[in-house]
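K.L.:
Handing you a structure now.
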């Protein structure tokens with residue numbers, strides 16, 4: 001009776017299979033638990049947060065003044081799409097921010113105006129408004145408009161007389177006194193324009209990979225400063241207008257003399273030929289430059305501008321950093337898609353203050 | 001009196017390789033959860049992409065498949081090792097090699 005004699009063998013085989021499955025399951029659960037202990041608390045906070053909030057721009061309004069933060073939020077479930085928010089955040093990060101109620105406005109970009117507590121707001125629909133934050137009842141005043149999509153980037157000259165606005169296709173130059181558009185340029189790379197603090201000139205990067213200086217009043221090309229190998233993601237000028245930092249799409253960081261176009265130093269990422277972010281910001285003294293770190297979009301690198309040496313890695317954000325800037329007192333702040341604005345101690349490389357942008361359920 | 005000396009290092013090696021295979025698989029699953037919002041764009045495995053599509057862009061079906069697959073593969077390796085130590089160790093080494101490549105790929109990209 002062969003069938004009867006097979007029964008113990010089958011039982012043994014089944015027992016072995018079950019034992020192997022149980023041991024394997026235990027090992028898998030052990031590693032799940034181990035990784036869970038390390039990573040899941042932060043993940044759980046993220047998962048159970050009803051909204052995902054991303055801070056896209058932040059302006060320092062001055063000493064002992066709050067920060068003006070631009071953010072968008074989206075419900076994690078549901079199809080309501082994203083919503084734009086403008087809020088005043090205490091610079092100490094200790095108390096919650098105050099959202100500005102601006103009816104029918106979807107702010108996309110900000111620029112500080114010359115007057116205290118005055119800002120320009122670029123809208124999703126291509127309109128530019130000026131806003132006086134000292135008014136008890138905030139009412140954005142229409143300033144100008146362009147018809148090539150939303151205002152993706154905005155900048156104002158130091159004297160407040162000129163406002164540059166970048167739409168989908170053009171960089172537009174507006175004069176403050178009569179709100180008239182004086183010129184437009186077609187092939188400016190996205191987010192790649194800076195107004196010289198020392199002259200009525202703008203430095204732009206065009207899509208032909210040229211760094212060009214143009215006249216702020218007429219938009220006329222004055223000279224070509226340099227050429228780059230790859231397209232640029234961002235550029236920044238130091239406070240005195242002497243050094244120009246370029247962030248390439250290949251992750252290359254380059255520092256130029258902004259008057260001669262001569263390269264002072266450049267650095268290429270070793271691991272991958274792609275930029276981790278488009279961040280570039282100088283300290284007020286021009287001694288330091290901060291960019292996205294090679295390690296990933298969640299950290300920053302602090303550079304010595306004189307030597308091109310990397311001084312510090314700044315780690316603390318839990319998601320992609322969108323922007324960073326030094327205030328007039330030399331405090332570095334960064335913000336990003338984890339919904340926080342972080343202030344950094346450059347000596348220790350640690351976060352000193354964190355402001356978390358929260359969205360009330362009704363505003364989500 | 002002569003005794004049969006059974007070396008312990010092959011057992012230790014097998015257990016290490018077996019645990020490494022499981023660890024990499026669980027770590028891969030963690031990354032799938034961590035980057036779940038963009039995985040439908042970044043997943044390169046056609047089967048993984050299919051599972052995400054079947055789950056309306058969510059990663060939970062893929063995770064369930066990963067979990068079951070990991071337990072099944074680990075159990076199979078154990079069974080093989082129980083039947084033939086040499087074969088089990090060889091298979092565990094090959095699988096661990098693949099997992100090492102996956103691990104490096106996950107870390108470096």
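The values are calculated or read from the model by the stated rules, or taken from the named source; none is laboratory data. Since the model is a prediction, treat every value here as computed from it, not as a measurement. With ideal geometry, Cβ positions are generated from the backbone for all residues, glycine too; neighbour counts draw on all protein chains shown.
K.L.:
Being farther than 23 Å from residue A:166 by Cβ and surrounded by fewer than 18 Cβ atoms within 10 Å (Cβ to Cβ) is the filter here, so list the residues in segment A:243-263 that pass it.
P.N.:
Of everything in segment A:243-263, those that are farther than 23 Å from residue A:166 by Cβ and surrounded by fewer than 18 Cβ atoms within 10 Å (Cβ to Cβ) turn out to be A:257, A:259, A:260, A:262, A:263.
K.L.:
Now a separate question. Would a scan of segment A:162-170 turn up a residue that is out of contact with any strand residue (DSSP E or B) (no Cβ under 8 Å at 6 or more places or on another chain) and either at pLDDT 90 or above or under 21 Å from residue A:67 (Cα atoms) (or both)?
P.N.:
yes
K.L.:
Show me the strands (runs of 3 or more DSSP E) entirely contained within segment A:261-302 in which 1 or more residues are over 30 Å from residue A:222 (Cβ atoms).
P.N.:
Filter on segment A:261-302 gives A:288-293.
K.L.:
Out of curiosity, is residue B:39 more than 13 Å from chain A (Cβ to nearest Cβ) and either within 21 Å of residue A:44 (Cα to Cα) or surrounded by 13 or more Cβ atoms within 10 Å (Cβ to Cβ) (or both)?
P.N.:
Yes, satisfied.
K.L.:
Okay, next question. Residues of segment A:199-244 being out of contact with any strand residue (DSSP E or B) (no Cβ under 8 Å at 6 or more places or on another chain) and within 22 Å of residue A:179 (Cα to Cα), which ones?
P.N.:
A:199
K.L.:
Any residue in segment A:47-63 that is surrounded by 13 or more Cβ atoms within 10 Å (Cβ to Cβ), at the interface with chain B (Cβ under 10 Å from one of its Cβ atoms) and either on the phi < 0 side of the Ramachandran plot or modelled with pLDDT under 75 (or both)?
P.N.:
yes
K.L.:
Further question on the same structure: For segment B:75-88, give me the residue count where each residue is surrounded by fewer than 19 Cβ atoms within 10 Å (Cβ to Cβ) and either in contact (Cβ under 8 Å) with a residue 60 or more places away in the chain or more than 10 Å from chain A (Cβ to nearest Cβ) (or both).
P.N.:
Qualifying residue count, segment B:75-88: 4.
K.L.:
Right, something else. Going through segment A:326-338 one residue at a time, which ones are buried (at least 21 other Cβ atoms within 10 Å of the Cβ) and under 16 Å from residue A:92 (Cα atoms)?
P.N.:
A:326, A:332, A:333, A:334, A:335
K.L.:
Those residues that are under 25 Å from residue B:95 (Cα atoms) and within 14 Å of chain A (Cβ to nearest Cβ), I need them from segment B:43-69; list them, please.
P.N.:
Result: B:59, B:60, B:63, B:64, B:65, B:66, B:67, B:68, B:69.
K.L.:
Collect the residues in segment A:180-206 that are part of a loop (DSSP other than H, G, I, E, B) and surrounded by 17 or more Cβ atoms within 10 Å (Cβ to Cβ), keeping them in residue-number order.
P.N.:
Selection gives A:196 alone.
K.L.:
Of the residues in segment A:218-242, how many are part of a loop (DSSP other than H, G, I, E, B), more than 19 Å from the chain's Cα centre (by Cα) and more than 21 Å from residue A:152 (Cα to Cα)?
P.N.:
9
K.L.:
Confirm whether residue B:33 is modelled with pLDDT of 85 or more and within 14 Å of chain A (Cβ to nearest Cβ).
P.N.:
When the stated conditions are applied, residue B:33 does not pass them.
K.L.:
Taking residue B:72, is it within 13 Å of chain A (Cβ to nearest Cβ) and either on the phi < 0 side of the Ramachandran plot or at pLDDT 95 or above (or both)?
P.N.:
So residue B:72 passes the test.
K.L.:
Tell me which residues, restricted to segment B:11-65, are under 14 Å from the mean Cα position of the chain (by Cα), over 28 Å from residue A:319 (Cβ atoms) and free of Cβ contacts under 8 Å to residues at least 40 places away in the same chain.
P.N.:
Listed by number, the residues that qualify are B:15, B:16, B:19.
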